[in-house]
Structure formats: C-alpha cells, structure tokens
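*Asks:* Pasting a structure here, questions to come.
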Amino acid sequence: MRIDQLTLRAAGGALLLLSLLVVLASPGDVVDRPVGAVLAGGLGALVRVVLAAAGLSLVLSLQSLAPSLDPERGSGRPRRAVPVLLGLHALSLVALAFTSPSTEPFGTGAVAAQGTASSALGDLALLVASTALPAAMIVQAARWRRDETTAPRAKGAFVAAVVSLWASLAYSLADQGTLPAPGLWQRVAFVVAWVWLAVLLLRTAGDLTSGSGGTRR
C-alpha cells in the first residue's frame, strides 16, 4: 500500500472510530453533557489518543486529498481555502487531545468553576473544530457544483454541512436552556461532519487504488 493511501485510510478510519467513541464511550452522558465529558470519562485516555491520531493523520493526508478537492485544477490556480480549513480542523483535534474542555453545559454554571487555561483552550479548540469543517464542506460543495462530474458530491456535502451547523446552533440554544439535550446536539454536529470527511478520505484512497486518482473526480 502506498504512503498516500495509508495516510488517507488512517485519517478516515480514525475519524470513524472517533465518531463511535464520542457516542459510545460515555453512554450515560450522550444526551445532557457535552463532548468534553468523554475526555473526562473512563475511556478519556483512549479518546485523546484517537483525537491526536485523527488530527495528525488528517494533516498528513491533505496533500493526497487536495486533487480530489479541486475539479478546476486544470485552470492553474491552486485552491487553498478548503485545505486550510481542514488543516485548522485537524489542529483543533490535536489541541483537544491535550486540553480539558468544559464537561458541563454552559447554563449549569460549571464553566466558571472550571475556568482554567486548559479548559479555555479546550473550549476554543471545540469551537474551531465545530466551525472549520462545516465551512470547508460548504466551500467544497460550491466548488464541486461547478463541474458536472462532481455535482452529485456537492449535494451530499451541502446537506451534511447544513445538518452539522444546524445541530451546532441547537447545541448553543440547548446550552442556554432553550432546547433540551445539549450533548446530543453537539454529538450530531460532530459525527455528521466527521463521517462525511471520513467517506471522502476513504473514497479518495480507493480512487488511488483503482488508478483513477489523477483523472476524473
């Protein structure tokens, strides 16, 4: 297996595993407590390892992923917005692996009690992670839509981005007590985006295997 295929598959697999862990690692906290609660749970060490692995493998895979993100690459103008946004998301995952984000909804008052530097950095990393990836999905959907060979992918990217952003908004409202289940909404936001990205990474690796990576996307 080629190195580019290995990094793409490693990143895709790590994101899928991470999606499972944030739901299953702390089942009693899924509905009410944020994703940060998983890092403080019994499997917190495993989740941190997977977060770091997902972030680092995503950074390493960006160069191999770039051709599939640019159906207009023949124009000679490199398109850097999506790789930069994905890189920010990847770095935020690594940051999460080494920080301690808030483990209670904002409305409980626990954030003030946890106001350490690690908690603040963890909360910032969660914010960047929850916005950079959906932003990349929207930009990529607009790019794919311009090419008839990639137009079908645009619909999936746009729908996944809308669902992720809507769930993030619902999480913010739930934190303020307007909606129930803040933890569930935040998990939906992340899992939908991570699964979309994992599918893209694994599909790109498959294209390289079949020899179609340098042709049509």
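Laboratory data are not the source of any read-out in this text; all were calculated from the coordinates shown. Model, not experiment: these values are computed from the prediction. Note that we place each Cβ from the backbone using ideal geometry, even for glycine, and neighbour counts take in every protein chain shown.
*Asks:* In the chain, which helices (entire DSSP H runs) extend 18 Å or more along their own long axis, judged by Cα positions, while averaging at least 1.6 on the Kyte-Doolittle scale?
*Replies:* Result, helices passing both filters: 3-24, 44-69, 81-97.
*Asks:* For the charge dipole of the chain, defined by +1 on Lys and Arg C-beta atoms and -1 on Asp and Glu C-beta atoms about the Cα centroid, which residue among LEU51, SER102, ALA142 has the Cα displaced farthest towards the positive pole?
*Replies:* ALA142
*Asks:* Nearest 20 debye, what's the magnitude of the dipole of the chain about its Cα centre given +1 on Lys and Arg Cβ and -1 on Asp and Glu Cβ?
*Replies:* Result for the chain is approximately 820 debye, rounded to the nearest 20.
*Asks:* Within segment 179-195, what residues put their amide N at less than 17 Å from the label point 7 Å along the Cα-to-Cβ vector of VAL162?
*Replies:* 189, 192-193
*Asks:* For segment 5-95, which trypsin sites (Lys or Arg not before Pro) are in a loop by DSSP, counting at most 15 other Cβ atoms within 10 Å?
*Replies:* In loop regions of segment 5-95 (DSSP not H, G, I, E or B), the sparsely surrounded trypsin sites (Lys or Arg not before Pro) are ARG80.
*Asks:* Post the alpha-carbon centroid distance, segment 1-43 to segment 123-147, in whole angstrom.
*Replies:* 19 Å
*Asks:* Between ASP147 and ILE3, take the C-beta separation as r, use R0 = 30 Å, and let me know the FRET efficiency to the nearest 0.05.
*Replies:* The pair ASP147/ILE3 has a calculated efficiency of 0.60.
*Asks:* Hey, could you get me the Stokes-Einstein D for segment 3-210, Kirkwood radius over alpha-carbon pairs, 10 °C and 1.306 mPa s, rounded to whole µm² s⁻¹?
*Replies:* 92 µm²/s
*Asks:* How high is the FRET efficiency from ALA40 to LYS155, r the C-beta distance, R0 45 Å, rounded to 0.05?
*Replies:* Once the sixth-power term is evaluated, E becomes 0.75.
*Asks:* With each pseudo-label sitting 7 Å past Cα toward Cβ, what's the ALA117-ARG80 distance in nm, one decimal?
*Replies:* 3.1 nm
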